[in-house]
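Read through the structure below, which is laid out as structure tokens, and then see the notes.
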Amino acid sequence: MDPKTLFSGILLALAAFASFAISDAFSKLLGGRIDPFEVAFSGGVFGCILLPFIRKPGESYADIIRTQEPLMWGVRATCTFVATAASVEAFMLLPMPEALSLMFLMPLFVTILSVLLLKEKVTGWAWLTVVLGFIGVLIVLRPGLRALHFGHLCALIAAVANAVSVIAYRLAGQNSARLSLFGSSLIGPLVGNGVLMWAHATWPHGVTTWIYLFGYGFLAAFGQFLMMLATARAPANRVALPQYSQMVWGVALSYLVFQQPLDGWTFVGIVVVTASGLLNWIRQRIRYERMAMKERLERMQARKAAKNLARTPAAQQALSARQQAAATKKPPSR
């Protein structure tokens with residue numbers, strides 16, 4: 001795979017996780033104002049705004065639900081529904097860094113699934129960074145010393161659902177239209193959360209509530225769109241690792257917006273989690289540069305070999321024979 005394509009996929013993933021982090025902050029601001037499933041439902045509603053920009057010329061809007069990979073489409077829709085509902089609940093119940101720390105187990109799940117299902121090669125260094133991130137999560141949560149409750153379970157469920165969604169994107173990305181890929185991330189929240197919110201739904205009141213709903217819904221859908229583009233350009237285990245940049249956003253938003261300072265151990269755990277992501281990022285950049293240099297060297301060697309071959313006596317004789325044959329076939333001039 002072209003190193004530039006891989007790098008562009010990672011950059012798109014970074015932008016996707018930034019969009020997710022800001023969207024999560026809006027969902028936390030909606031805590032106590034509106035039902036969590038109704039908040040998640042808005043992700044599908046406001047995400048429809050992106051459809052005209054995603055649709056390619058000649059594509060039909062029916063492609064939103066029409067796909068060559070119905071099984072993967074259903075898996076993505078279900079995972080998006082589960083992930084949105086669980087993450088909204090988690091962010092309403094937990095501080096953002098704590099919820100994000102559990103959701104950062106997603107790279108571990110993606111790495112395992114990419115090996116089992118996609119047969120992708122994962123190096124020892126990649127496993128090391130994933131394990132290091134897991135240790136950081138344990139430091140943040142400190143199970144046994146702190147009480148774990150429903151919010152932690154929701155964050156863990158969201159991590160698993162997002163990991164399965166990344167794998168499903170990768171499995172179906174080459175055979176499905178963009179509208180189909182994106183449509184699954186809209187239909188899932190619309191149908192699943194729409195059913196669950198039915199008994200408790202209320203009409204949102206106030207301009208502020210509507211702004212928060214739009215911010216959550218649109219940015220959540222926009223992040224899904226960016227992730228869709230990222231997984232089409234880079235292997236699944238590479239796309240998952242930039243998720244660690246989301247922690248920087250989570251800590252900043254938690255402190256600046258919600259005035260929730262970090263205790264010492266939580267800060268240490270976050271540093272470990274973030275360091276594991278940065279370590280892998282640096283390793284990947286070095287690897288991509290080496291791949292690029294190797295490709296350039298191979299092209300130079302191939303051109304040099306072709307020139308040397310053209311200079312050999314056999315090549316000269318073959319060229320002379322072709323010229324003589326062409327001359328004998330040439331009609332005489334008038």
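All of the numbers you see were taken from the coordinates with simple rules; none came from a lab. Keep in mind it's a predicted model, so treat the numbers as computed, not measured. Positions of Cβ are generated from backbone atoms using ideal geometry, with glycine treated the same way; all protein chains shown enter the neighbour counts.
Here are some notes:
- Residue order, fewest to most surrounding Cβ atoms within 10 angstrom, among Phe225, Phe214, Phe17: Phe214, Phe225, Phe17
- Point-to-point label distance, His205-Leu71, nm (Cα→Cβ direction, 7 Å offset): 5.0 nm
- Contact order for region 3-292, expressed relative to its length and based on alpha carbon pairs under 8 Å spaced 6+ residues apart, stands at 42 percent.
- Taking all Cα-Cα distances within region 3-292, those exceeding 32 Å account for 22%.
- Take each peptide in 157-163, 101-107, 55-61, count the other Cβ atoms within 10 Å of every residue, and average; sorted highest first, the result is 101-107, 157-163, 55-61.
- FRET efficiency estimate (nearest 0.05) - Cβ-Cβ, Val195 to Glu298, R0 56 angstrom: 0.50
- Sorting Trp203, Trp210 from the fewest to the most surrounding beta carbons within 10 angstrom yields Trp203, Trp210.
- Fewest-first ranking of His200, His152, using other Cβ atoms within 10 Å as the exposure measure: His200, His152
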